[in-house]
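J.: Just dropping this structure here.
Since every read-out is calculated from the coordinates, none of them should be taken as a lab result. Note that the structure is predicted; figures quoted are calculated from it, not measured. With ideal geometry, Cβ positions are generated from the backbone for all residues, glycine too; neighbour counts draw on all protein chains shown.
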Amino acid sequence: MERYKPISLLNLLLSLSEAMDLAGPEIVQHQQRTAFIAWELGRAAKLQEARLEQLFYAALLHDIGALSVEEKYSILHETGGEFGDHAGRGEVLLRKLPFLGDAATIVGGHHACWDDHKCNIPENLNLERQILLFADTLERSVIRGAYILFQQKDLTERVNKMSGTVLHPDVVELFNTVSVREEFWLDMTSRRLYPLLLNSGPSRRIEVGIESLFPIGGLQQIAEWGAYHHERLDGSGYPFHCKATELSIGARIMMVADIFTATAEDRPYRKGMTREEVSKILKDFASRHLLEKRIVDLVVDNYQEIYSFTHQKQDAARAFYESQFSANS
């Protein structure tokens, strides 16, 4: 690939954050809500723009080191301070990206209580770490399904009791300053939080290319294939509008695989299509030079084997996730 159409950095990070939080209904929007709280406190603290951006990025991705559904739920419901190693793993992962250096440091220390270290709050990103710890703690305390303004008093009292022990008093005071506005609580729990953050958060005008993901060891091809799976051979796809000469065989396979699974598998809103229907759609795309005909022919000729394999894996994944949800309900 020689050209990469730039995309919004903020949109990229928001999408990644949202995808990570789809592990369960209680976790949806957790990192975005945490980022909103951290953003509000960081602005109240009058952090310089660069520091505020790194705090926001850290909050958006602070649980990236939680690698399983079990761990995500364990962190969500933890009250005794036993958060495992996910913060350290998250720091290692984020440090692979040069533009997230400070964010990585913030994530690595975001479960360190203030009274464990009695640190000098302005130094070594300690203020940002404490803000992220506060934001994460507050968001995990919110009761999903209950009107947020009915929880405002109890939540405020709960975090104020942590002042001087778990949380630095200055950070709690920042919260007391911004949380008197009902708007703070309503925006934090809004279903439209994604566009709110996209339009008012940091780095709205910063664009990056897909090559920004390549410093992550071993992920260059994966980043490319994933980025181009909605492209089409004639350049009509998105988001980069690549043409055939710019699409590797891996990207072309992903393009076909994406349409196959999207049409063949069951979705919450409809049953999967029949073999005949899926094959017709794939062949139509190939005849219009949107998908690679050789790959489409391979899928059609080996349909039953591919279908059985994918459904076996999906059934196993479904059983695992359902057992986790029932265990945490």
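J.: Given the Cα-Cα distance of residue 144 and residue 50 and 0.36 nm per residue of separation, how much length would full extension add, in nm?
T.: Working: separation 94, 0.36 × 94 = 33.84 nm, distance 3.26 nm.
Extra length available between residue 144 and residue 50 comes to 30.6 nm.
J.: How do the peptides 33-46, 161-174, 269-282 rank, highest first, by the average count of neighbouring beta carbon atoms within 10 Å per residue? List each step's numbers first, then the result.
T.: Values: 33-46: 22.8, 161-174: 18.1, 269-282: 13.9.
Answer by packing, highest mean first, reads 33-46, 161-174, 269-282.
J.: Here is a follow-up. Could you line up 254, 20 from fewest to most neighbouring Cβ atoms inside 10 Å? Write out the running numbers ahead of the final one.
T.: On the way: 254 22, 20 17.
So the residues, fewest neighbours to most, are 20, 254.
J.: With θ set to phi - 60°, apply the Karplus curve 6.51 cos²θ - 1.76 cosθ + 1.60 along the stretch 22-35 and write out the HN-Hα couplings as whole Hz, x wherever there is a Gly or Pro.
T.: Running phi through 6.51 cos²θ - 1.76 cosθ + 1.60 with θ = phi - 60° gives 8, 5, x, x, 7, 9, 3, 6, 4, 6, 5, 5, 4, 5 Hz.
J.: Give me the percent of Cα-Cα pairs in the stretch 131-197 that sit more than 19 Å apart, rounded to a whole number.
T.: Values: 666 of 2211 pairs.
In whole percent, the long-distance tail amounts to 30.
J.: Mind checking the full-extension length gain between residue 198 and residue 153? Use 0.36 nm per residue of separation minus the Cα-Cα distance, one decimal, nm. If you can, show how the numbers build up before the last one.
T.: Numbers: separation 45, 0.36 × 45 = 16.20 nm, distance 2.89 nm.
The span from residue 198 to residue 153 would gain 13.3 nm if fully extended.
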